[in-house]
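The values are calculated or read from the model by the stated rules, or taken from the named source; none is laboratory data. From a predicted model like this one, the values you see are computed outputs, not experimental measurements. Quick reminder, even Gly has a Cβ in these numbers, built from the backbone with ideal geometry, and neighbours come from all protein chains shown. Accessible surface is based on the protein model in full, side chains and every heavy atom, while ligands, DNA and RNA are left aside. Shrake-Rupley method; radii C 1.70, N 1.55, O 1.52, S 1.80 Å.
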Amino acid sequence: MQKCFRSMLRMLFVVCIAYPVVLLWLGIHVRHRERLAVKGAAIVAANHNSHLDILTLLSLFPLSAIPNVQPAAAADYFFKTPLLRWFSLNVIGIIPVVRGGARAGEDPLIECYRALEQGRILVIFPEGTRGEPEQMAELKAGIWHLAKRFPQVPVIPVYMHGLGKSMPKGSWIPVPFFVSVAVGKALYWMEEKQEFIDALKDRLYKLKLKTQPTSEVQ
Amino acid sequence: MFNTLHYAFAGIVAVLVIASIVTATLIRLHPEKNYVELKLRIQTWWWLVAVFFIALTLDRTVAVTIIAIVSFMAFKEFLSIAPTRRADNKVLLWAYFSIPVQYLWVGTAWYGMFIIFIPVFVFLLLPMRMVMIGETQGYLRAAGTLQWGLMTTVFSISHMAYLLNMPARQSAHGTITGEMLVFYLLVLTQINDIAQYLWGKMLGKHKIIPKVSPNKTAEGLVGGMLTTTLLAWLLAPWFTPMNPLHAVLAGLLISLFGFIGDVVISAVKRDIGIKDSGSLLPGHGGILDRLDSLTYTSPLFFHYIYYLYY
């Protein structure tokens, strides 16, 4: 019963907030939407420049798939107040990641493992934090550890261009700009950590080029 | 019952049906050739005509709202391609706010505010907001770009909406309403684009403006101007209060300045280094690619006919 209520809340959030903001206020152009998994388990690895990122990613999935899509988000940020905690868990549907949890002896990704075991689509931001608008930071190693536990689960890279310009860190009102999204081909776990990270970063850079407007063709 | 406008739309639908049939036939006869662009182009035309029909045949408020939304999308597209500074984000929100205000002046038919709001008030107030933020690096360029964008996508396009406010007049062929003037302007501007393209493709030899737009030829321009002027002369008695001489001049005005609007936007795209202004309209590019001629023909046709007949 509670699970059903939570699913309804999440879908309502997508219909009432994500769709109007992303599709009407901003405007979005998606390349290769068919490459996006709609059934779990899957990992979606995207670049991170704005709080709008998760709204945009949610709007890419069919509405019925939404209860199965969960973004991994920093517990220290999203659990700041009890209201924010409830909202993050029940309306946005985050999987909390305890940053710095490794020091305390617990695996920060424990909830992510659980989610993937349950066949969810996990949305993760390998850069770890919203960086400078439209710039990509170094990818953290967590994504490799995650993929290592689930080597058969596809890692789908997604690049979003324009969200950092619209609502960068520190802003709370999105400025209308057209947003360009490119979905890449799935990647799978590789034994060499650096090789995997480099391959993912390379895919994201190639997708970034696809989101730029086409230059003058002579 | 059915008025001139309904019959006119039926005519456009007939043209589109023919175009769709021709395309489907071409695809079947030449399966090896790529007709995806053409098919998408015509599909988008169907959608554009549908929106156009809804705008002009329902309530006037619906029409003004739809044109306001068009300005919103055009301005958004402009800002998405033009260089903007992160520091100006708040100023951009104010700039967007000027859109519903401008269309409020249109909706309430307050001519004085409609004609000065953007060129005077917004022009003066936005740089003031920018000064309050205090980022002087690139200040002139940012202020200039912003005003240019608003003038082109909001002020110009809103002239087409203001045509709706023209009082109804009786003519030999029935009542001439503001909606008919808008229909006349839009159809001639779009036919002009298509005619110039087709004449250019058939007879094009002497390039007019190769540095900006290598596809534009003198033959295309002249052919298009003749076609549009002929059509303007034919349609005027049904859709406008103009006499034949004024109609011919209107045709020349729309066809020449439609061309100018097109190449001005091309110059902007060249400056930025892009081919299409966006990807909102499959087969056409962005909304600016479709509206470029209208940014010149709207205000010029409006003032021409406003001065002579209203």
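Values for this structure:
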quantity	calculated
Highest to lowest packing among B:279-288, A:20-29, scored as the average C-beta count within 10 Å	B:279-288, A:20-29
All-pairs alpha carbon distance profile, the stretch A:143-205, 10 Å steps from 0, percent	21, 37, 25, 18, 1
For the stretch A:98-191: relative contact order, % (alpha-carbon pairs under 8 angstrom, 6 or more apart)	25 percent
Listed peptides B:46-57, A:121-132, A:63-74 by packing density, highest first (mean Cβ within 10 Å)	A:121-132, A:63-74, B:46-57
Peptide B:285-292 - average C-beta neighbours from other chains (10 Å radius)	1
Of all accessible heavy-atom area on the stretch B:71-181, the percent that carbon and sulfur account for (1.4 Å)	70 percent
Listed residue pairs exceeding 27 Å between alpha carbons, taken from B:LYS39/B:LYS201; B:LYS39/B:LYS275; A:LYS3/A:LYS210; A:LYS206/B:LYS90	A:LYS3/A:LYS210; A:LYS206/B:LYS90
Relative contact order of chain B, defined on C-alpha pairs under 8 angstrom at six or more residues apart (%)	18 percent
³J(HN,Hα), Karplus 6.51/-1.76/1.60, whole Hz, each residue of the stretch A:142-148, x for Gly, Pro	x, 5, 5, 4, 5, 5, 4
Inverse of mean 1/r across different Cα pairs in chain B, Kirkwood, Å	20.6 Å
Descending semi-axes in whole angstrom, ellipsoid equivalent of the protein assembly as shown, from the Cα gyration tensor	49, 26, 23
For A:ILE28, distant residues with modelled amide H under 5 Å away	A:VAL179
Buried accessible area, chains A and B (both chains, 1.4 Å probe, Å² to nearest 100)	1700 Å²
Residue-averaged beta-carbon neighbours from other chains (10 angstrom radius) around A:168-177	4
Two-decimal log10 I(q)/I(0) for the stretch A:66-218, as the Debye equation yields it once each C-alpha is a single scatterer, q = 0.15 Å⁻¹	-0.92
Mean Kyte hydropathy of 1.0 or more with a Cα span along the axis of at least 20 Å, helices from DSSP in chain B	B:4-29, B:36-57, B:60-81, B:218-239, B:244-272
Burial ranking of peptide ranges A:43-56, A:166-179 (average Cβ count within 10 Å, highest at the top)	A:43-56, A:166-179
D (Stokes-Einstein, µm²/s), Kirkwood Cα radius, the stretch B:246-301, 0.692 mPa s at 37 °C	278 µm²/s
The stretch A:36-181 - percent of accessible surface contributed by carbon and sulfur, probe 1.4 Å	59 percent
Whole-Å semi-axes of the ellipsoid equivalent to the stretch A:1-118 (Cα gyration tensor, √5λ, descending)	24, 17, 15
